[in-house]
Amino acid sequence: MKRTVYGWGRQPRLQADVDAPRDLQSVRDVLAQEHVTIARGSGRSYGDAATASRVLSCLSLNHLLAFDESSGILQAQGGITLDEIIRFCLPRGWFLPVTPGTRFPTLAGCVAADVHGKNHHGAGGLSASIEQLEIILADGTMVDCSRRARADLFWATMGGMGLTGIIYAAHVRLQRVQSAFLDNVSVRTSSLAETCRVLRDTQDEFPYSVAWIDTLRQRGRGAGHVMLGSHAAKQDMEQDVGPNLGPDLGPVHRAPRLSVPELPMSLVVGPGLRLFNTCNYRRQWRRRVRSKVHYDPYFYPLDAVAGWNRFYGPHGFLQFQFVVPFVDGEAVISSILERTNRAAPCALAVLKTFGDHPTGPLGFPIPGFTLALDFPRSQAIEDAIHSATDEVIASGGRVYLAKDSVLTKDQLDAMYPRIDEFRHLRQQVDPTQRFRSRQSDRLGLT
Amino acid sequence: MTKLNPHTTRRALVLGARSAIAEAIAQRLAQDGWDLVLAARASDSLEPVAADLRLRTDRSIHLLDFDALDMDGHESLAQRVRTEAGEFHLVICVFGHMGDADEERQKTAQMLQTLTTNFTAAAVCLAHIANDFEARGEGGIIGISSVAGDRGRQSNYPYGAAKAGVSVFLQGLRNRLAAKGIHVLTVKPGFVDTPMTQGKEGMFLVASPKRVASDILRAWHKKRDVIYTPWFWRWLLLVIRLVPERIFKRLKL
């Protein structure tokens, strides 16, 4: 039976056959049918990376397999969500080593996109904390790979958008934390230049940093709040919250209590956004504010509202995330904001820095500034993003495949210099092109 | 159910442990402090499920090979559980089979599989377990029936007929065992949300397996006899049952 599948951006939509294996043997049975398919998790990649005419839902392969309390290495099946991992590890004094801005993606989805978090400048992407992967190849064989064994497959899978095989399980090195809270310093900036400077100057001091910027204001576009954080120590928490914290590190998150229904039209419109941005900017009067923030609102503010992507109505939205090297980075960002502002109002703009860490051939991060921009979907903004992508390429930057739905093959080839290495490995592990998505077809990855 | 000594371990046997509902029930039971025997075909493949439960709850989780269609094996099932895992005090019968309606009409084997798995196997198996509980004078039975058993509809009446049989069978068991203090709970779930049903046309009011599991456990503690989960199906089905047959037969359901 056909189901409608789509990414977090809610467009494009495809009719697909869905397989939902509940164990390893069922995965092999599906693969034995020799259909073209692509692994799918929570559907949290924004574009068409997890859509195809047939998809293999890994959501039932969501079990914890082993946990070593001394090293913090957690072995779990790929279909488990970050949400579930936190529920397990936080009460035991551990937290995700790297987390994207939502806790709903699956572990395997995060591996396939080699996600980064607010701590990329120091900790690197998720790949830096993955010790080992268990991958089911197209022929049904299970392969263990790591930095030492089958390193080529390991690295191609980190960021490989699920095109090397089904990511059955991963071994993640968690980080120790003393509480569920973070120490946050919020710095209000008055221009893009200042935002960039604060981000760069604080890299050594804070493990987490990210900036929300206002792209819609007339003067001082790019002004915003830079949020600098670190996991709070236990004694600090006891000073602030009182000794009642006891042996606990603090509460784990709750499921969202608000949800957005299907809407006939987009509620994300220019005037509302400008008002929101102004209010949000003015919310902080002082230049520098310190606070203790629970990890849930700190890392996952948007997760408080289930299905917030439905605010954008039936046409959905798209996110454009790119990275540009520090040199000229600010100028390129400025020019791109100018260009996209003419096409559509940006609903949300998030800026941060990437450090220098090893990645796979399709790994996104390079040292520089990365900016993520959300737009209501329209032809005008797709065209603007196309031109903006050329600017990114010219500056030596690249676009994030987990968010992409509009990139072209030529653009991909121009921005990922190790793309042939990836294609070559794919030829080895999937010679009959069994794993394909709408994205991989569009980008000539398969 | 007889009052259990809190100092002795309570162990529950889950029959057909591979399904999403079974797994959600197992999670809830383990959280509530039950040790578990997870019974399914090729039970080795449930090792990840067991590992997960052990990590989260520290309970003892035992995997047991069990084939619902092996009718001769049912008589010795209770003894086998006892030998391999230890004494058990609750059985939850979750196994079932939802076939393709078109294939069932055409192929004897498909029709038989739907009828046998859902009704005959459940009845034979629970009959023997009931004998065992009766002899011991303790135990409890939870049987998963379905709202589909409340009225035959053209889209899935073989499944519905088998589940109707299950409901009546459990009713009889309850009547027989009530005097012995052995409680029998009939569960009638509506549509349940699994990765398989996501985005499927014609599904409405779907509930998560988690929700269904927590409804079941609550009903068990309250010693309810028959529950619909989620609760609104009781009233929906009441309305559906009240439609006169002369009208009902013309509906496309």
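Every test in (1) within 13 Å of chain B (Cβ to nearest Cβ); (2) crowded, with 18+ Cβ neighbours inside 10 Å is passed by A:THR4 save one, and that test is (2).
Quick one: what pairs do we get from the range A:271-287, first residue within 16 Å of A:LEU348 (Cβ to Cβ), second of a type in the set (A, V, I, L, M), C-beta under 7 Å, 6+ apart or different chains? Once the first residue is within 16 Å of A:LEU348 (Cβ to Cβ) and sits in the range A:271-287, its partners that are of a type in the set (A, V, I, L, M) give A:LEU273/A:LEU216; A:LEU273/A:ALA347; A:ARG274/A:LEU216; A:ASN277/A:LEU216; A:TYR281/A:ALA223. Each residue in the range A:52-91 was checked for being at the interface with chain B (Cβ under 10 Å from one of its Cβ atoms) and more than 23 Å from A:LEU163 (Cβ to Cβ), and 10 of them qualify.
When you scan the range B:16-30, do you find a residue that is more than 14 Å from every other protein chain (Cβ to nearest Cβ), outside any helix (DSSP H, G or I) and out of contact with any Pro (no Cβ under 8 Å at 6 or more places or on another chain), even just one? Before the answer, list the steps.
Residues of the range B:16-30 that are more than 14 Å from every other protein chain (Cβ to nearest Cβ), as a first pass: B:25, B:28-29.
Cutting the leftovers down to outside any helix (DSSP H, G or I) gives us none.
No; the residues of the range B:16-30 include none that is more than 14 Å from every other protein chain (Cβ to nearest Cβ), outside any helix (DSSP H, G or I) and out of contact with any Pro (no Cβ under 8 Å at 6 or more places or on another chain).
Residue-level check: of (1) over 30 Å from A:ILE86 (Cα atoms); (2) in contact with a His (Cβ under 6 Å, 6 or more places away or on another chain); (3) not aromatic (Phe, Trp, Tyr), A:ASP296 misses just (1).
Inside the range B:125-138, can you point out the residues that are under 30 Å from B:GLY160 (Cβ atoms), of a type outside the set (S, T, N, Q) and surrounded by fewer than 20 Cβ atoms within 10 Å (Cβ to Cβ)? Break it down stepwise before answering.
Filtering the range B:125-138 down to residues under 30 Å from B:GLY160 (Cβ atoms) leaves B:125-134.
Still in the list and also of a type outside the set (S, T, N, Q): B:125-130, B:132-134.
Matches in the range B:125-138: B:ALA127, B:HIS128, B:ASP132, B:GLU134.
Residues in the range A:59-81 that are among the hydroxyl-bearing types (Ser, Thr, Tyr) and under 22 Å from A:ARG22 (Cα atoms): A:SER60, A:THR81.
One line per residue, one yes/no per condition, for (1) within 19 Å of A:TYR300 (Cβ to Cβ); (2) in contact with a strand residue (DSSP E or B) (Cβ under 6 Å, 6 or more places away or on another chain):
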{"position": "A:ASP68", "(1), (2)": "no, no"}
{"position": "A:ILE73", "(1), (2)": "no, yes"}
{"position": "A:ILE80", "(1), (2)": "yes, no"}
{"position": "A:ASP83", "(1), (2)": "yes, no"}
{"position": "A:ARG87", "(1), (2)": "yes, no"}
{"position": "A:LEU90", "(1), (2)": "yes, no"}
{"position": "A:GLY101", "(1), (2)": "yes, no"}
{"position": "A:THR106", "(1), (2)": "yes, yes"}
{"position": "A:GLY109", "(1), (2)": "yes, no"}
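Taking the conditions (1) surrounded by fewer than 23 Cβ atoms within 10 Å (Cβ to Cβ); (2) over 22 Å from B:THR229 (Cβ atoms); (3) free of Cβ contacts under 8 Å to residues at least 60 places away in the same chain; (4) among the aliphatic types (A, V, I, L, M) in turn, B:ALA30 satisfies each one other than (2).
Checking the structure you have, find out if any residue of the range B:96-103 is in contact (Cβ under 8 Å) with a residue 24 or more places away in the chain, in contact with a Leu (Cβ under 9 Å, 6 or more places away or on another chain) and crowded, with 18+ Cβ neighbours inside 10 Å. No, there is no match, as no residue in the range B:96-103 is in contact (Cβ under 8 Å) with a residue 24 or more places away in the chain, in contact with a Leu (Cβ under 9 Å, 6 or more places away or on another chain) and crowded, with 18+ Cβ neighbours inside 10 Å.
Test of understanding: among A:GLY162, A:GLY109, A:GLY101, A:GLY124, which residue is touching a Lys or Arg at 6+ places or on another chain (Cβ under 9 Å) and on the phi > 0 side of the Ramachandran plot? Quick ask: steps written out before the conclusion?
Details: A:GLY109 fails: on the phi > 0 side of the Ramachandran plot; A:GLY101 fails: on the phi > 0 side of the Ramachandran plot; A:GLY124 fails: touching a Lys or Arg at 6+ places or on another chain (Cβ under 9 Å).
Going through A:GLY162, A:GLY109, A:GLY101, A:GLY124 in turn, the sole match is A:GLY162.
Within the option set A:ALA138, A:ALA151, A:ALA113, being more than 14 Å from chain B (Cβ to nearest Cβ), modelled with pLDDT of 95 or more, within 21 Å of the chain's Cα centre (by Cα) and more than 24 Å from B:LEU53 (Cα to Cα) holds for one residue only, A:ALA113.
Of the helices (runs of 4 or more DSSP H) contained entirely in the range A:319-431, those carrying at least 1 residues that are crowded, with 20+ Cβ neighbours inside 10 Å, within 23 Å of the chain's Cα centre (by Cα) and among the aliphatic types (A, V, I, L, M) fall at A:329-343, A:379-394, A:409-415. Scanning the range A:63-97 for residues that are under 19 Å from the mean Cα position of the chain (by Cα) and in a loop (DSSP other than H, G, I, E, B) gives A:GLY78, A:GLY79, A:ILE80, A:LEU96, A:PRO97. Considering the range A:7-24, and only residues there that are within 11 Å of chain B (Cβ to nearest Cβ) and part of a loop (DSSP other than H, G, I, E, B), the residue that is nearest to A:THR141 (Cα to Cα) turns out to be A:ASP23. Take the residues in the range B:31-57 that are assigned to a loop (DSSP other than H, G, I, E, B) and within 12 Å of another protein chain (Cβ to nearest Cβ), then tell me which one is nearest to B:VAL206 (Cα to Cα). Top of the filtered list is B:ARG41.
The set of residues from the range A:43-84 being without any contact (Cβ under 8 Å) to a residue 40 or more places away in the chain and farther than 30 Å from A:GLN15 by Cα comprises A:LEU64, A:ALA66, A:PHE67, A:ASP68, A:GLU69, A:SER70.
How many residues does the range A:99-133 contain that are farther than 22 Å from A:THR51 by Cβ and touching a Cys at 6+ places or on another chain (Cβ under 8 Å)?
Taking the range A:99-133 as the starting set, the residues that turn out to be farther than 22 Å from A:THR51 by Cβ are A:99, A:103, A:116-133.
Narrowing the set further to residues that are touching a Cys at 6+ places or on another chain (Cβ under 8 Å) leaves A:126, A:132-133.
The total comes to 3.
Check whether at least one residue in the range A:236-247 is assigned to a helix (DSSP H, G or I), modelled with pLDDT under 95 and buried (at least 16 other Cβ atoms within 10 Å of the Cβ), and report yes or no. For the range A:236-247, residues assigned to a helix (DSSP H, G or I), modelled with pLDDT under 95 and buried (at least 16 other Cβ atoms within 10 Å of the Cβ): present. When each of A:THR446, A:THR389 is tested for being of a type in the set (Ser, Thr, Tyr) and more than 29 Å from A:PHE326 (Cβ to Cβ), the lone residue that passes is A:THR446.
Of all the listed residues (A:ALA39, A:ALA49), the sole one being crowded, with 24+ Cβ neighbours inside 10 Å and either facing chain B (nearest Cβ under 9 Å) or in a strand (DSSP E or B) (or both) is A:ALA39.
Condition (residue is of a type in the set (Val, Ile, Thr) and surrounded by fewer than 16 Cβ atoms within 10 Å (Cβ to Cβ)) applied to the range B:176-184: is it met by at least one residue? No, the conditions are met nowhere in the range B:176-184.
Filtered by the rule that a residue be within 14 Å of chain A (Cβ to nearest Cβ) and assigned to a helix (DSSP H, G or I), the range B:58-88 gives no residues.
What do you reckon, is A:THR370 in contact with a Cys (Cβ under 9 Å, 6 or more places away or on another chain) and outside the structural domain of A:MET142 (by TED's automatic domain parsing)? Before the answer, list the steps.
Working: in contact with a Cys (Cβ under 9 Å, 6 or more places away or on another chain): no; outside the structural domain of A:MET142 (by TED's automatic domain parsing): yes.
So A:THR370 does not fit the description; no.
Residue-level check: of (1) within 25 Å of the chain's Cα centre (by Cα); (2) closer than 22 Å to A:THR81 by Cα; (3) more than 10 Å from chain B (Cβ to nearest Cβ), A:VAL27 misses just (1).
The residues of the range B:213-238 that are more than 15 Å from B:LEU90 (Cα to Cα), modelled with pLDDT of 95 or more and of a type in the set (Val, Ile, Thr), listed by number, are B:VAL226, B:ILE227. Note on the range A:248-278: residues that are part of a helix (DSSP H, G or I) and either closer than 30 Å to A:ASP236 by Cβ or among the small types (Gly, Ala, Ser) (or both) total 2.
Residues in the range A:432-446 that are in contact (Cβ under 8 Å) with a residue 60 or more places away in the chain, within 21 Å of the chain's Cα centre (by Cα) and not in a helix (DSSP H, G or I): A:ARG436, A:SER437, A:LEU445.
The values are calculated or read from the model by the stated rules, or taken from the named source; none is laboratory data. Owing to the predicted nature of the structure, the values given are computational and were not obtained by experimental measurement. Ideal geometry is used to build each Cβ from the backbone, glycine not excepted, and the neighbour counts take in all protein chains shown.
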